[in-house]
1. Ranking request for peptides 94-103, 131-140: highest mean number of other beta-carbon atoms within 10 Å first, then the rest in descending order.
2. Provide the gained length on full extension for the span Glu210 to Ala231, in nm with one decimal, where the gain is 0.36 nm per separating residue minus the Cα-Cα distance.
3. Could you pull out the chymotrypsin sites (Phe, Trp or Tyr not before Pro) across region 141-206 that fall in loop regions by DSSP (anything but H, G, I, E, B) with no more than 15 other Cβ atoms inside 10 Å?
4. Using a Förster distance of 22 angstrom, determine the FRET efficiency expected from the C-beta separation of Ala115 and Thr175, and round it to 0.05.
5. Taking the chain as the reference, fit the longest principal axis to its C-alpha atoms, fit the long axis of helix 20-32 to the helix C-alpha atoms, and give the angle between the two in degrees, 0 to 90, nearest 10.
6. Which angle between 0 and 90 degrees, to the nearest 10, do you get for helix 171-189 versus the longest principal axis of the chain when only C-alpha atoms count?
7. Over the chain, with a Gaussian network built from C-alpha contacts below 10 Å, which listed residue (Val25, Val236, Val182) shows the highest mean-square fluctuation?
8. To the nearest 500 deg cm²/dmol, what mean residue ellipticity at 222 nm is calculated for the chain from DSSP H runs of n ≥ 4 alone, each contributing -39,500 (n - 2.57), summed and divided by the residues?
Amino acid sequence: AHLDNMPSGAVAPGADDNASGIAGVLTAASILGQYEWNCTLRFVAFTGEEQGLRGSSAYATKVYSDTENIAGVLNLDMVGFNALDEPVIELHTKRSIDNNQSDLAIAYLFSNVVASYNLDLTSEIIQDRESRSDHASFWSRGYPGILAIEDFSDFTPYYHSVNDTVYTLDAAYFTEFVKAAVGTFAHMGCLVVPEIAVAPSAISVSILPETSITQTLSITNYSGELTWQLAETPPVSWLSEAITAGQLAIEGIDIPLFFDTAGLPEGVYTTTLTIDSNDPDEPQTSVGVTLTTTLQPPPPPILQYLPWLTKYRSE
């Protein structure tokens with residue numbers, strides 16, 4: 001988004017063109033800056049747009065010379081005016097003959113965000129190579145991008161005038177537009193989220209009364225920063241855990257589980273270990289636990305000696 005405005009005289013409020021776009025960028029930065037992303041997100045305010053895309057041109061030239069890998073550009077320019085009360089937004093890409101598939105991917109993503117989050121907007125994808133804003137500086141250097149802008153057929157009559165004030169804008173339309181932009185930024189950046197794995201999926205222990213044994217529960221995190229908490233449902237006296245809460249980077253932890261049958265009659269006892277975490281896809285994991293106490297010791301694992309017996313007899 002560009003932060004300069006017109007006219008170039010003493011008074012240039014520039015509410016729609018382009019304080020609206022800058023407000024959208026700042027909102028996205030304040031929200032998305034709280035999280036970790038697979039891709040680097042940059043929230044850039046360009047100057048000199050009204051004088052010929054000077055700021056964005058200088059920036060695009062620099063990142064191109066530094067061989068930076070830019071996956072896409074989302075340019076917000078004039079996103080607050082809506083006199084017809086029809087919440088149309090336009091998403092401009094290069095033309096199909098200009099090899100615009102990467103542009104279209106961003107535009108389709110924006111449209112999908114609008115639909116998926118039930119935003120009160122109608123998005124129109126226009127393949128016309130509209131180049132009168134800062135995204136064009138990136139197009140000319142081979143980077144994909146789109147222009148997100150209000151409906152051209154409902155264009156503000158206060159464009160580049162002293163009357164381009166906040167009182168002419170549609171706050172509800174602007175809010176929905178910014179929501180869509182924030183969602184699109186987020187999906188472009190690929191949020192890093194925790195990914196939990198718990199093993200084993202079930203635990204079964206058989207021991208004599210008045211004895212104890214230790215088993216292990218493993219919690220592994222494959223992405224992001226995992227916060228977890230462990231509890232028994234229902235709580236039982238014969239089981240205790242060495243650790244019941246913590247945080248994990250991309251690593252694993254083995255939690256000792258202590259089984260103790262002191263004072264416990266023969267029988268079968270059950271509980272469930274519940275692991276709550278901030279993994280959005282697996283916020284709660286359950287591990288069933290069964291304890292059997294018996295006076296009959298388990299049979300010895302004689303099968304492991306069969307190969308030796310077979311060999312001995314063959315001689």
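1. 131-140, 94-103
2. Result for the pair: 5.1 nm of gain on full extension.
3. Counting only loop positions with at most 15 other Cβ atoms within 10 Å, the chymotrypsin sites (Phe, Trp or Tyr not before Pro) in region 141-206 are Phe155, Tyr159.
4. Efficiency, rounded to the nearest 0.05: 0.80.
5. For 20-32 against the chain, the angle is about 10 degrees.
6. 50 degrees
7. Val236
8. Here the helix-only value at 222 nm equals -7500 deg cm²/dmol.
Where a number appears in this text, it was derived from the coordinates with a stated rule and is not lab data. Everything numeric in this text was worked out from a predicted model, so none of it was measured. For neighbour counting, all protein chains shown are included, and Cβ atoms are generated from backbone atoms with ideal geometry for every residue, glycine included.
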